[in-house]
Amino acid sequence: IYIQAAVHLAMPLFHTYIGIDYSGAETSTSSLKGLRVFKAQRDTEPTEVQPPTSPKRYWTRRAVAEYLVEQLAKEKVLVGIDHGFSFPIQYFRRYNLTSYDQFLDDFWLHWPTDADHVYVDFVRDGLNGKGSERMGRSTWRRLCEVRAKAKSVFHFDCPGSVAKSTHAGLPWLRAIRNTRAHFWPFDGWRVKGNILAEVYPALFKGRYRFEGTQDQQDAYSVCRGLQEMDLSGDLGQYFEPSLTDEERKIAELEGWILGVM
């Protein structure tokens, strides 16, 4: 009922909404209980998407990337993923990186966490990759993290950390860069086609209830939150956060969390 009523308030920008609660545990082919996907249409309640039929009970990061390639081939799709899409500006300056695609390529060369048998901690410990050549500091925070009061993407081994999921997820963002998705805001601030955006489940904390695990709750809340913001006509304003010209230039490299103003 709430969905049908909201549809009449404004012309929605999207047809489909996908919320993903990510996990940086184990390897890219591991079945991860903490990796959850929810999907909704304009007029449907968000429901959990089950992984492809296989011996694995839960989603793997590789399977999620393949699923997103499939979904982003369609029209008017909005995807929200809860890990960092980029790093603080200090990282770009330290390693002489000047574009988002250069950043993704460079990170993947040093942190090959999309490989079948590589844990994030293997790279951190020097067993795989060249992570020691591309490290950041936990005191470095992106502008959006400061504004949202979120932890740094380099803040490992603490409750609520997104560092591991970010370091596990970035190579998969690189892998799907050739889809029809508009990586927001790296490809521009204005809404254009299908959107892939970083989200922060805490923004929707307490707003919705779902009977399940915390990971299911987070993915459901992201999906429903994006859907309701679009149907109410409020979503568009979040693609234009309040930033100075200097802040906007920095955020075009650091990224931004959709929903943070």
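The values are calculated or read from the model by the stated rules, or taken from the named source; none is laboratory data. Here the structure is a predicted model, which means the values were calculated and not measured. Here Cβ is always computed from backbone atoms with ideal geometry, including for glycine, and neighbour counts include all displayed protein chains. For the accessible areas, the whole protein counts, side chains as well, though only heavy atoms, and no ligand, DNA or RNA atoms are used. Shrake-Rupley method; radii C 1.70, N 1.55, O 1.52, S 1.80 Å.
Farther than 28 Å from residue 217 by Cβ, among the small types (Gly, Ala, Ser) and either open to solvent by 20 Å² or more (accessible area, probe 1.4 Å) or not in a loop (DSSP other than H, G, I, E, B) (or both): does that describe residue 115? So residue 115 fits the description; yes.
Criterion first (of a type outside the set (Val, Ile, Thr), touching a Ser or Thr at 6+ places or on another chain (Cβ under 7 Å), open to solvent by 70 Å² or more (accessible area, probe 1.4 Å) and over 24 Å from residue 62 (Cα atoms)) does residue 147 satisfy it? No; evaluated as a whole, the condition is false for this residue.
In segment 2-19, the residues that are modelled with pLDDT under 50 form no Cβ pair under 7 Å with any partner that is in a strand (DSSP E or B) and open to solvent by less than 10 Å² (accessible area, probe 1.4 Å), whether six or more places apart or across chains.
Only one of the listed residues (232, 221) is polar (S, T, N, Q), surrounded by 23 or more Cβ atoms within 10 Å (Cβ to Cβ) and in contact (Cβ under 8 Å) with a residue 24 or more places away in the chain. That residue is 221. Only residues that are in a loop (DSSP other than H, G, I, E, B), among the hydroxyl-bearing types (Ser, Thr, Tyr) and closer than 18 Å to residue 40 by Cα were counted in segment 204-249, giving 2. Applying the condition of being part of a loop (DSSP other than H, G, I, E, B) and open to solvent by 10 Å² or more (accessible area, probe 1.4 Å) to segment 69-94 and asking which residue is nearest to residue 250 (Cα to Cα) yields 82. For segment 14-56, the tally of residues that are open to solvent by 20 Å² or more (accessible area, probe 1.4 Å) and part of a strand (DSSP E or B) stands at 5. Restricted to segment 235-261, and to residues there that are free of Cβ contacts under 8 Å to residues at least 40 places away in the same chain and of a type in the set (Asp, Glu), the residue that is surrounded by the fewest Cβ atoms within 10 Å (Cβ to Cβ) is 245. Scanning segment 250-260 finds no residues that are over 23 Å from residue 174 (Cα atoms), assigned to a helix (DSSP H, G or I) and of a type outside the set (Ser, Thr, Tyr).
Among the residues of segment 95-111, those that are part of a helix (DSSP H, G or I) and either closer than 14 Å to residue 130 by Cβ or in contact with a Gly (Cβ under 6 Å, 6 or more places away or on another chain) (or both) comprise 105, 106, 107, 108, 109, 110.
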